[in-house]
Amino acid sequence: MEDKLKDLKSILRDSLTDEQNIHFTEKHKHKVLKSIKSNSLQTNFSRSFNKRIHLILSAAITFVLLVGTYHIAGINDIFSENEAKQINREHETNNVTSSPEKDIQQNEVIVPPSQEENYKDMTKDEVYKKLLSSGKFDTVKGEYDIQTVIHDGTKMSSNVKYSMGLSPLKGGYSVEAYNQGDSVANTITYYKEDTLWTLDSVSKTYSERRYRNSVPPIAQSSLFPREITLNYLKSLDNWEIEIQNEKILTHNTIVIKGNLNEYAAEKHSAETFRFWIDKDSGVLLKYETYNGKGEVVDYLYPKELQINVPIDTKMFIPNLEGYKKFDRESAQERQKQNDKQQTELNLHKPIFSNEKGYFYVHGITLGDSMDKVIERLGEKYSLDEEDGSGADVILDYNGLARFYFKDKKLDWILLMKVDKKYFNNVFGDYEGSKFTSDDSDRYFYSMETNQILKATTNVPNQDLYLYLSYPGPEIQENPDFLKMKQSLE
């Protein structure tokens with residue numbers, strides 16, 4: 001076997017090295033070139049095919065990745081769109097919270113949660129606190145008729161329509177209609193945040209001022225009855241719960257009744273009262289006062305009350321078309337020039353009188369109407385407002401006398417720059433109840449009507465100021481006043 005392999009190796013070597021054994025003709029050349037060309041074509045085709053395969057695979061993979069990414073992004077977009085729609089819906093529902101000014105300009109609608117009636121029994125203390133509470137509701141609409149009888153028996157009645165929101169936006173609107181002669185006059189009030197507009201339909205003028213009181217100036221007699229609550233209910237022994245649950249309109253109310261204290265009885269010409277209070281919100285829905293014969297004297301009768309209903313904020317934007325802004329300074333200046341000498345003469349030396357316990361200044365006393373004041377002192381006045389006074393409107397006569405009105409009744413009088421020598425003579429000649437306090441202030445007092453006239457010089461420039469009002473806490477705690485009152489009793 002080894003010998004055969006050796007022979008094969010020798011043969012091959014000889015064949016490759018021996019030129020005589022090599023015959024490479026033209027024919028062989030063509031075969032070789034043809035073979036090389038064939039191999040080259042196969043190689044190029046293979047490479048081209050492989051490139052195409054790679055290209056197709058790359059495109060396919062890229063396509064799959066793109067589709068997957070788009071699909072994922074599409075789902076996220078859907079989620080984002082749905083989330084955005086939800087946020088927009090929430091924003092549209094609560095948009096008032098973000099920017100009250102913007103809400104009012106866009107006339108958006110406040111939609112608060114609905115009211116739920118309260119049927120639980122209430123105690124006296126709970127009733128009292130409920131009436132004095134401020135956060136009674138988010139929105140409210142309503143209408144009522146109200147009547148007040150002043151000391152001389154004059155009946156003052158009006159109709160009040162209102163709409164107001166407390167949360168998330170403070171704003172309101174009301175129209176109070178009352179008879180003036182043969183026609184009906186309107187006082188229109190707009191309220192937004194800390195600005196108050198008051199329109200007078202008779203003079204076609206309006207005033208605009210800042211309003212910082214925590215109690216909104218809309219339908220206070222019903223929605224925020226602070227004054228009547230303090231006067232009538234402060235002493236829990238003077239009243240009782242009559243009915244725990246009674247339906248008025250669509251609201252469940254608690255009914256209370258009681259006796260007026262001496263001060264309130266004299267001021268309102270009544271002896272007893274009855275309140276209907278919405279148990280859920282604390283709104284004084286209805287009330288009546290009665291004289292000794294059981295006849296109704298003052299009343300508030302509801303026509304409509306809707307609590308926590310949608311409110312369109314466009315109602316809070318004042319419509320001033322046809323109204324002219326009242327220029328207080330110009331009006332005062334003009335009035336000072338008109339018959340100044342005669343007005344100063346009268347108001348520097350005011351005429352005092354006491355009739356049946358009522359103090360009169362130029363024939364005017366507490367509880368009188370605005371028309372009566374104008375009738376007595378003339379039309380040379382300006383309309384004014386004063387934060388903290390508690391007055392709805394003030395008549396100012398040339399800076400010498402100011403008449404403060406609340407609920408259309410004269411609540412108190414201020415006379416400024418009164419002739420000191422003249423008043424000294426008046427005080428000395430007065431034969432009724434009077435006293436002087438330690439700070440040299442002087443007082444006239446009426447036991448019959450509880451009216452008090454205070455004279456003081458503890459003011460700028462030490463001018464003599466006279467105040468005609470009812471005794472406030474500072475007077476009722478005055479030791480000299482208590483001594484004088486005890487002596488009278």
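Every number here is computed from the coordinates shown, using simple stated rules; none is lab data. Everything quoted here is computed from the prediction, not taken from an experiment. FYI the Cβ positions are ideal-geometry reconstructions off the backbone, even for glycines, and counts take in every protein chain you see.
Extension gain for residue 245-residue 208 works out to 9.1 nm (0.36 nm per residue, less the C-alpha to C-alpha distance). Each label point was placed 7 Å from the Cα along the Cα-to-Cβ direction; for residue 295 and residue 126 their separation is 3.9 nm. A full extension of the chain between residue 462 and residue 480 corresponds to an added length of 4.2 nm, given 0.36 nm per residue minus the alpha carbon distance.
Exposure proxy ranking for 447, 484, based on other Cβ atoms within 10 angstrom of each Cβ and starting from the fewest, stands as 447, 484.
Semi-axes of the equivalent ellipsoid for the range 124-316, please: Cα gyration tensor eigenvalues, times 5, square-rooted, ordered largest first, whole Å.
On the way: eigenvalues 150, 95, 43 Å².
Working through the eigenvalues yields semi-axes of 27, 22, 15 Å.
What is the Cα centroid distance between the range 164-211 and the range 411-449, reported in whole angstrom? The distance from the Cα centre of the range 164-211 to that of the range 411-449 comes to 37 Å. Label-to-label distance, residue 111 versus residue 271, with points set 7 angstrom from Cα along the beta-carbon direction: 5.4 nm. Taking other C-beta atoms within 10 angstrom as a stand-in for reagent exposure, 349, 120 fall in the order 120, 349, fewest first. Fewest-first ordering of 434, 303 by other beta carbons within 10 Å of each residue's beta carbon gives 303, 434. The packing ranking, built from the mean of other Cβ atoms within 10 Å per residue, places the peptides 267-277, 372-382 in the order 267-277, 372-382, highest first. Checked against a 25 Å cut-off, the cross-linked pairs 325/408; 380/434; 286/324 give Cα-Cα distances beyond that limit for 380/434; 286/324.
Note on the range 133-252: Lys pairs 8 or more places apart or on different chains, Cα atoms under 23 Å apart, count 15. Residues whose amide H lies under 5 Å from that of residue 252, counting only those 5 or more places away or on a different chain, are 118, 279; hydrogens are built 1.01 Å from N in the peptide plane.
In terms of the mean number of neighbouring beta-carbon atoms within 10 Å, the peptides 361-367, 240-246, 306-312, 290-296 order highest first as 361-367, 306-312, 240-246, 290-296.
Between residue 235 and residue 437, the C-beta separation translates, for a Förster distance of 41 Å, into a calculated FRET efficiency of about 0.90.
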